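A short worksheet on the structure shown next.
A short reminder: the numbers here are calculations on the coordinates, not readings from a lab. It should be emphasised that the depicted structure is a prediction, and the values quoted were computed from it without experimental measurement. We place every Cβ from the backbone using ideal geometry, glycine too, and count neighbours over all the protein chains shown.
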Amino acid sequence: MHRYQFTVWALPTATLNLGPDSPSALFGFNLNSSALGKAVLTSTYTR
């Protein structure tokens, strides 16, 4: 079984003002700290 998660974030600005070499941890921190809301869709796939 495979599980896929799709997340849509509502942000107050169009960009997070991070450079292309920013670490993913910094991206995740800024995303979570500035998010107005989010929705998660989880689907599963089996053969």
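A few remarks follow.
- For the range 1-27, a residue qualifies if it is small (Gly, Ala, Ser) and under 19 Å from residue 39 (Cβ atoms), and the qualifying residues are 10, 14.
- Hits in the range 1-19 - residues which are of a type in the set (A, V, I, L, M), touching a Leu at 6+ places or on another chain (Cβ under 7 Å) and part of a strand (DSSP E or B): 10
- Scope the range 32-47; condition among the basic types (Lys, Arg) and either over 12 Å from the mean Cα position of the chain (by Cα) or in a helix (DSSP H, G or I) (or both); matching residues: 47
- Which numbered condition residue 22 fails, given (1) assigned to a loop (DSSP other than H, G, I, E, B); (2) in contact with a His (Cβ under 9 Å, 6 or more places away or on another chain): (2)
- Residues in the range 4-37 that are hydroxyl-bearing (Ser, Thr, Tyr) and surrounded by fewer than 10 Cβ atoms within 10 Å (Cβ to Cβ): 4, 13, 15, 24, 33.
- Residue list for the range 2-26, restricted to those being of a type in the set (A, V, I, L, M) and within 13 Å of the chain's Cα centre (by Cα): 8, 10, 11, 16, 25, 26
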